[in-house]
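Enquirer: Have a look at this one before I ask anything.
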Amino acid sequence: MTRHKISLEEFHRMVEAGVFPEDLRLELVEGDLVEMSPIGKRHAAKVNRLLALLLPLLQSGKALISPQNPLVVGESELYPDLALLKPRPDFYEERLPEASDALLVVEVADTTLRYDLGTKLPLYARAGVPEVWVVDLEGGRVLVHRKPQGEAYEEVEALGPGEVLEFMGVEVPVEALL
């Protein structure tokens with residue numbers, strides 16, 4: 001069996017040419033196209049709640065909030081559930097945001113915990129994303145990853161109900177995400 005890896009540039013040309021249906025959720029992971037499962041109501045609600053809680057960062061001009069939009073991570077194009085990005089006057093119209101633009105990435109894992117931790121997290125670490133939260137809905141916890149080193153994070157903390165996440169002065173109660 002022969003596999004053909006595609007580059008980020010090829011992927012973008014294919015998207016622009018309309019090769020894929022618009023409702024097809026794809027990520028490019030190191031040259032492989034990965035079809036993502038549809039987003040369920042529980043997952044969507046948690047992303048919406050997180051958007052509402054982090055809105056003060058957008059209003060203060062400290063960060064742009066990018067929900068389920070592309071983030072170029074090395075030679076991959078991932079679609080995190082939420083990324084807080086460094087502000088840019090063009091709101092990234094001139095180019096897609098890259099890992100170096102990310103302040104925080106959040107993945108909400110309803111059925112994707114293994115994929116988020118085993119595939120996406122090492123890519124985020126290798127690209128230098130400074131902080132990643134993985135909301136583990138089944139496990140009832142948020143896994144906070146800080147200080148990327150190689151393909152891992154030096155600092156990993158599991159937070160549960162009753163605890164509070166803090167990012168750039170905004171507090172997020174863990175139970176609000178579970």
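Enquirer: Could you please tell me which pairs satisfy a Cβ distance under 9 Å, a separation of 6+ or placement on different chains, a first residue in the range 129-153 that is open to solvent by 50 Å² or more (accessible area, probe 1.4 Å), and a second residue that is assigned to a loop (DSSP other than H, G, I, E, B)?
Expert: Cβ pairs passing all conditions: Glu138/Asp110; Glu138/Thr111; Arg141/Gly160; Arg141/Pro161; Arg141/Leu178; Arg146/Pro130; Lys147/Pro130.
Enquirer: Being hydroxyl-bearing (Ser, Thr, Tyr) and in contact (Cβ under 8 Å) with a residue 60 or more places away in the chain is the filter here; which residues of the range 116-128 pass it?
Expert: Across the range 116-128, the qualifying residue is only Thr119.
Enquirer: Next up: Mind listing just one residue for me: the one in the range 90-118 that is crowded, with 18+ Cβ neighbours inside 10 Å and of a type in the set (Val, Ile, Thr) and, of those, farthest from the chain's Cα centre (by Cα)?
Expert: By that ranking, first place goes to Thr112.
Enquirer: Something else: Might you let me know whether the range 10-17 holds any residue that is closer than 29 Å to Pro173 by Cβ, out of contact with any Asp or Glu (no Cβ under 9 Å at 6 or more places or on another chain), part of a loop (DSSP other than H, G, I, E, B) and not β-branched (Val, Ile, Thr)?
Expert: no
Enquirer: What are the residues in the range 46-81 that are of a type outside the set (Gly, Ala, Ser), under 13 Å from the mean Cα position of the chain (by Cα) and under 13 Å from Leu103 (Cβ atoms), if any?
Expert: Once the filter is applied, which keeps residues that are of a type outside the set (Gly, Ala, Ser), under 13 Å from the mean Cα position of the chain (by Cα) and under 13 Å from Leu103 (Cβ atoms), the range 46-81 yields Ile65, Leu71, Pro80.
Enquirer: In addition: Wholly within the range 29-80, which strands (runs of 3 or more DSSP E) include no fewer than the required count, namely at least 1 residues that are touching a helix residue (DSSP H, G or I) at 6+ places or on another chain (Cβ under 7 Å), of a type outside the set (S, T, N, Q) and open to solvent by less than 40 Å² (accessible area, probe 1.4 Å)?
Expert: 64-67, 71-73, 76-78
Enquirer: Taking Asp90 as meeting all but one of (1) farther than 16 Å from Met36 by Cβ; (2) in contact (Cβ under 8 Å) with a residue 12 or more places away in the chain, write down the number of the exception.
Expert: Of (1) farther than 16 Å from Met36 by Cβ; (2) in contact (Cβ under 8 Å) with a residue 12 or more places away in the chain, only one is false for Asp90: (2).
The values are calculated or read from the model by the stated rules, or taken from the named source; none is laboratory data. Treat the numbers as computed from the prediction; the structure is a model and nothing was measured. Positions of Cβ are backbone-derived with ideal geometry, glycine not excepted, and every protein chain shown enters the neighbour counts. Ligands, DNA and RNA are stripped out before the accessible areas are found, and what is left, the full protein with its side chains, is counted by its heavy atoms. Shrake-Rupley method; radii C 1.70, N 1.55, O 1.52, S 1.80 Å.
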